[in-house]
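Worksheet for the structure shown next.
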There are 4 protein chains.
Amino acid sequence: MCRWLAYSGSPIFPEDLIFTPDNSLAAQSLHSCKAKVSVNGDGFGLGWYGERDVPGLYREVLPAWSDCNLRSLAFSIRSGHFFAHIRASTGTATSRQNCHPFTYGRWLFMHNGQIGDYELQRRRLEALLPDDLYARREGSTDSELIFYLLFHFGLEENPLKALRATLEEVARSTEASGSRKPFRCTAALTDGRTNYAVRFSTDAHPPSLFWQERSEHTLIVSEPLDTAVGEWQQVPASTVLVTDPGNKVRTEAL
Amino acid sequence: MCRWLAYSGSPIFPEDLIFTPDNSLAAQSLHSCKAKVSVNGDGFGLGWYGERDVPGLYREVLPAWSDCNLRSLAFSIRSGHFFAHIRASTGTATSRQNCHPFTYGRWLFMHNGQIGDYELQRRRLEALLPDDLYARREGSTDSELIFYLLFHFGLEENPLKALRATLEEVARSTEASGSRKPFRCTAALTDGRTNYAVRFSTDAHPPSLFWQERSEHTLIVSEPLDTAVGEWQQVPASTVLVTDPGNKVRTEAL
Amino acid sequence: MCRWLAYSGSPIFPEDLIFTPDNSLAAQSLHSCKAKVSVNGDGFGLGWYGERDVPGLYREVLPAWSDCNLRSLAFSIRSGHFFAHIRASTGTATSRQNCHPFTYGRWLFMHNGQIGDYELQRRRLEALLPDDLYARREGSTDSELIFYLLFHFGLEENPLKALRATLEEVARSTEASGSRKPFRCTAALTDGRTNYAVRFSTDAHPPSLFWQERSEHTLIVSEPLDTAVGEWQQVPASTVLVTDPGNKVRTEAL
Amino acid sequence: MCRWLAYSGSPIFPEDLIFTPDNSLAAQSLHSCKAKVSVNGDGFGLGWYGERDVPGLYREVLPAWSDCNLRSLAFSIRSGHFFAHIRASTGTATSRQNCHPFTYGRWLFMHNGQIGDYELQRRRLEALLPDDLYARREGSTDSELIFYLLFHFGLEENPLKALRATLEEVARSTEASGSRKPFRCTAALTDGRTNYAVRFSTDAHPPSLFWQERSEHTLIVSEPLDTAVGEWQQVPASTVLVTDPGNKVRTEAL
C-alpha cells in the first residue's frame, strides 16, 4: 500500500503539499493515518509538468522524509500540475524502476493497492501488452503493468474507457487465477491536462481516496493533508473522478 | 534516536537476531517499541569479527527492512561477535558515513542518543581529537566524534577509563555550552574481544538498554527482541556493562 | 559489455583478485584493457559460497572502484568459490536487480555480452520460462533471462545440455527476429561445486575469456589480471570450460 | 580532479550542455579529454537558479552518465543560470555530501583540484570558519571547506577580495604544512547574478579552464564541449574571470 497526491491548478511549489502540511506526504511516509501499513518508506516519486510537453520525473529509493534532493526540488520547481507518490512495497524490490509515478510519452500514472497473487497472473496480463510497451518494462511491479495495460485498452483514444476495461480485465484475471485476494486499485492518471482518478476494489475495502476542490486548484489525495473540516470529500467506491483543465471535478460510477 | 544490538558468543548467523525474532532489529526499523521515534529508517550498519583481526563493515542508507544485501549478508556470514545498528537521524544527513557502527583499527562503536545542541559544541570537542583522527572524520555526526574522543582519552590503554572520561567531557561541554538539552548516550564499544556498553544521560531519561546472558552468548540490545519473561535484564542508568571473552557480564556504576 | 571473474580453489579473500592485482576487477571497472568499452561502472556484484548451501550475494549500483562496502566485504569474507562481476550496461537501467551475478537456489550465473535487438525477442523468450521463474524476474536484462532459460532447458538435470540448448535457442531467436546484431555470450555458471564457462558468439567476435589453472585453484576471467607470461590461457570461441570440484579444467566444443 | 561547467544567459535546458554536445559533461564523466584522470564517475551535481532566490540542487552518487533522474531534470528544468559538476574523488568518500556544487544562501560553489596533503591542514583551516559554517559542514572534502572559507574572508561584502584571500590563505597553509604537493583550484562561484571563476595553482600546472562568450550567454568549462575552432578561449593561469549579469566577461590577474 502506498500514498499519493495529484495536484492541478495555479502553479505552486510542491513542497506546499509534500512537506508543509501537518499530514504532508513526507509526514505520511513516516506515519500515515489511513493506510494499512503506517510507514511508506520504500522510495517515492515526483512527476511534474512544466516547460515541456512531457513531464519531468524524479524517483528515488530513499524514504521521502530523508531525501535532501526531493526537498530541494519540491522547493525549487513551480508547477501547475504534478503527481507525488510514496511507496510501501507489497513484496517487490526497492528500486527506482519500481517507484511511481510511471511515465510514457505525456502520460503519468501512479497507484495504491495491489493485484492479489500477482505472480499467478503476471504472465497472462503481460501477454496483453503491445510490443513496444512489453519491451519497455523496467521494473517488476503490478503497478507498471497496469499502466501499460491502459495503452492496450486504448488510453490514447479514450482514457475513461481504457480505465474501465483495464480494471475489468485485471479483476477478471484475478478471479480466473483462483486467487482469494482482492484486486485493489486507487490510481491517478493524466495526460498533463485532464486528471483521472479511480477508487476500486474487487472486495468491499477499496483504499481511501479524497479530493478537495477550490477555485484555484483541485487536489486528489490518498488521505487528507490536514484536519480542516469540510475541506475534503471522500471519493465513493467504484468511482472515477475526472478533473478537466479548468479544474472542475465530476465523478462517475465505474 | 536509534536502535542497536551487540552479540558475542557461539558463532551464529546475524539474521537470527536482525530478521527472525518478533521484535528483530529489522522489525524495529519499521516500528520500534521503546524508542522516542518508532521508525528507524535512516540507514543501518553491520560490523562483525570473522577471519580478520579487524571487523568487516556493511553500512547502507536504505532502511534495514528493505535492503536485500543486508538480508543476504545476515543469512550468509557466521560470526561469534557482531554489532548491528539501525539509525533514526537527529538531524544530520542520511549517508553511509553517518551510519553506525564506526570502526577504527580493531574497534567497533555504535551509539543511540545525542549531544544536545551539538552544533554549539562541535568545534570545541573536535579540537580535542588527535591529528590522525581529526583528519579521518568522514561524516558529520556527534556519534563519530564520540568514538574518536575515546581515543583521545586513552581507549587503547584503558577502555573503561576512556569511556568515563569521554562521557564526563561531553557532559561538561554540554553544560558549558548553555544548552538546556541533555547529552544522552547508550553506546557499545568493542575491540573484538571485550564488549563495553554504557547507559548514560545528563537528565533522568537515558535511552533504554537491556541484556541477556546465557551459557552460549551475551546479547546487549536497545530493546528486547521478544517478550520472553525473565530473559531480559534492564541496564540501570549511569552504568557500564562489560562482557569478557568468556561472555560473563559485569556491571559497574559510571 | 561487462567484466567478470570466477574463482574456485583454496579459500582466499576476494580482495586478492578484486583489488590487489594490477589489472584487478576494480581496476578494470575504471579502465579495462580488452573490453569494447573501457569503463565498467554501472554496478557490480559478488556472489560467494561459504557457510551455507546457497551463495551469499552483494550487488550495488555504484562503480566497483568506489564502493566502500565492497572493499570491506572483499577484505573480510574468505571463500573457496566466488563470482565477481562489474557491469557496463548495454541500455538497461542501473539497478541492483540488473547487476550480476544472479542467483536461484544454489546456483550463480553471470554474463558478458548481449542479445542483439533484445527488445524484439524479449516476449518470445520470456514465454519459455517456467511459471515460478517468470514470476520471479526482478530486472530487465537479457542476462537474467538467459539465466532463467537455463532452468527451462533442464539446468538441474544436465547443466552442459542446458547451456547448449539455451545458446542455440537464443541464437535461433536472434536470427528469427531479423536482427543483424549478434548474440554474444561469455558467461559463467555454478552450483557451488562445478563451474561452467562459455565463450560464444553468433558472429566472429566473441568477448574475450581466459583461464588460469594452478594446483591450488582455477580462475576464469574476462581478461588477465596481470601480465605474467604463460599464466593465462585463452578459451577458444564456441567452447565450454568445466572445472570440477578438484579444480581440474576440461574444455569442450559447444 | 573533476570537470564542471557554469552557464549564464538566455534560459536553456541543461541537457543542451550536459548531454547533447560531443564532449558533453556526461561524455566527460565517462571519458574526459583534458583531465588527469579520464573517468569522472564519483557522483555529480546540478545547481540552478529559477523560481526562487536560492538555487535548486540535485546531487547524487551515481556517475552522471547513468543517472536517469539527472537526464529528466536536465531535460525538464529551464534555467538562465546553472552550475553542473562531475566528480573524480581525490580520496574522500563517494557521498552526496561530498558532491558539488555546494550551496549556502543564494551562493553556489564548485571546484576542480585539491589541497595537497589536505589532512595536514584540515584542522588549521577549519579553525578559521565562522561558527555557523563550522557546524554546518556535512562532508569531508577540501572543496566544501574552501567554499566556507570564502565566507570567513568576506564573501558577502567583496567576492573578489574573498577569493583572493582564500587562495592566498590555503596556498600559505599548504606551504607551511611542509607538503610538497601543490594546491590546485579551478573553481566557480556565483550569487545567482555574477559568476566568478578562478584558475590557480601553487605549481605550474593549474587545471584547464575555458570560456565561451556569445551574445546570448557566457559559458565557463573545464574543457571545451566541442571542437569548434575559435569558439573557446583558455583562461590564463592565476586569473579570475568575472561575468556580470549582462554576461560580459572580464578577466583579472589574481
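Annotation: amide H-H contacts under 5 Å for A:N112 (H modelled 1.01 Å from N, sequence separation of 5 or more, or interchain): A:T186, A:A187. In this assembly of identical copies, the label point of D:R180 (Cα plus 7 Å along Cα-to-Cβ) is separated from its counterparts by 5.8, 5.8, 7.8 nm, sorted shortest first. Once the 1.4 Å probe is applied to the protein heavy atoms, the protein assembly as shown comes out at 36 Å² accessible per residue.
Inter-chain neighbour count for C:116-127: the average number of beta-carbon atoms from partner chains within 10 Å of each residue's beta-carbon is 2.
Determine the shape class of chain C: with a ≥ b ≥ c the square roots of the Cα gyration tensor eigenvalues, call it rounded for a/c under 1.5, and otherwise prolate if a/b is greater than b/c, oblate otherwise. The shape class here is rounded. Using a 1.4 Å probe on protein heavy atoms, which residues of the stretch B:35-72 have at least 50 Å² less accessible area in the complex than alone? Output list: B:V39, B:E51, B:R52, B:L62, B:W65, B:N69.
Leaving ligands and nucleic acids aside, the A/B contact buries around 700 square angstrom of accessible area in total at a 1.4 Å probe radius. Under a model in which nothing but the beta-carbon of Lys, Arg (+1) and Asp, Glu (-1) is charged, the stretch D:79-133 shows a dipole of about 160 debye around its Cα centre. For chain C, averaging the sequence separation of C-alpha pairs within contact (under 8 Å, six or more residues apart) and dividing by the residue count gives a relative contact order of 20 percent.
Computed from backbone phi, the HN-Hα couplings of the stretch A:82-92 come to 8, 10, 9, 8, 10, 10, 10, 4, 9, x, 7 Hz, rounded to whole numbers (Karplus: 6.51 cos²θ - 1.76 cosθ + 1.60, θ = phi - 60°; Gly and Pro given as x).
Mean sequence separation of contacting Cα pairs (under 8 Å, at least six apart), scaled by the length of the stretch B:63-167, corresponds to a relative contact order of 19 percent.
Of the GluC sites (Glu not before Pro) found in the stretch D:206-254, those that fall in a DSSP loop while having at most 16 other beta-carbon atoms within 10 Å are D:E216, D:E231.
Fully extending the segment from B:R214 to B:D244 would add 9.5 nm, taking 0.36 nm per residue of separation and subtracting the current Cα-Cα distance. Site pair A:R172 and B:A237 shows an inter-label distance of 6.8 nm when each label is modelled 7 Å from Cα along Cα→Cβ. The chymotrypsin sites (Phe, Trp or Tyr not before Pro) of the stretch C:205-254 include none that meets both criteria, a DSSP state outside H, G, I, E and B (loop) and at most 14 other C-beta atoms within 10 angstrom of the site's C-beta. From helices alone, chain A scores -7000 deg cm²/dmol at 222 nm; the rule is -39500 (n - 2.57) for each run of n ≥ 4 DSSP H residues, then divide by the residue total. Remark: label point of B:R124 defined 7 Å out from Cα along the Cα-Cβ vector; separations to the same position in other copies 2.6, 7.0, 7.5 nm, ascending. In this view, the solvent-accessible surface of B:C33, computed with a 1.4 Å probe and all protein chains in place, comes to about 90 Å². Here C:V242 yields copy-to-copy label distances, from shortest upward, of 6.0, 6.5, 7.7 nm, the label point defined as 7 Å from Cα along Cα to C-beta. Computed 3J(HN,Hα) for the stretch C:155-163, one whole-Hz value per residue from the Karplus formula 6.51 cos²θ - 1.76 cosθ + 1.60 where θ = phi - 60°, is 3, 5, 8, 8, x, 4, 5, 5, 4, glycine and proline marked x. Just to confirm the number: angle between the C-alpha axis of helix D:142-152 and the first principal axis of chain D, 0 to 90 degrees, nearest 10? That helix lies at roughly 80 degrees to the long axis. Within the accessible surface of chain D, defined with a 1.4 Å probe on protein heavy atoms only, the carbon and sulfur portion equals 48 percent.
Chain A residue nearest the axis that carries A onto C, by Cβ, with distance in whole Å, is A:S95, 2. Using a Gaussian network model of chain A in which every pair of alpha carbons under 10 angstrom is joined by a spring, one finds that among A:R199, A:R59, A:R78 the greatest mean-square fluctuation is at A:R78.
Loop-resident GluC sites (Glu not before Pro) (DSSP state other than H, G, I, E or B) in the stretch D:94-168 with no more than 12 further Cβ atoms inside 10 Å of their Cβ: D:E156, D:E157. Normalised by the number of residues in the stretch A:1-115, the mean separation of alpha-carbon contacts (under 8 Å, six or more apart) gives a relative contact order of 36 percent. Comparing C:A197, C:A162, C:A127 in a Gaussian network model of chain C, where Cα atoms under 10 Å apart are tied by springs, the biggest mean-square fluctuation is seen for C:A127.
The values are calculated or read from the model by the stated rules, or taken from the named source; none is laboratory data. The structure displayed is predicted, hence computed values, not measured ones. Cβ coordinates were reconstructed from backbone atoms using ideal geometry, including for glycine residues, and neighbour counts include every protein chain displayed. The protein model used for the area step is the full one, side chains on, heavy atoms only, and it has no ligands, DNA or RNA in it. Shrake-Rupley method; radii C 1.70, N 1.55, O 1.52, S 1.80 Å.
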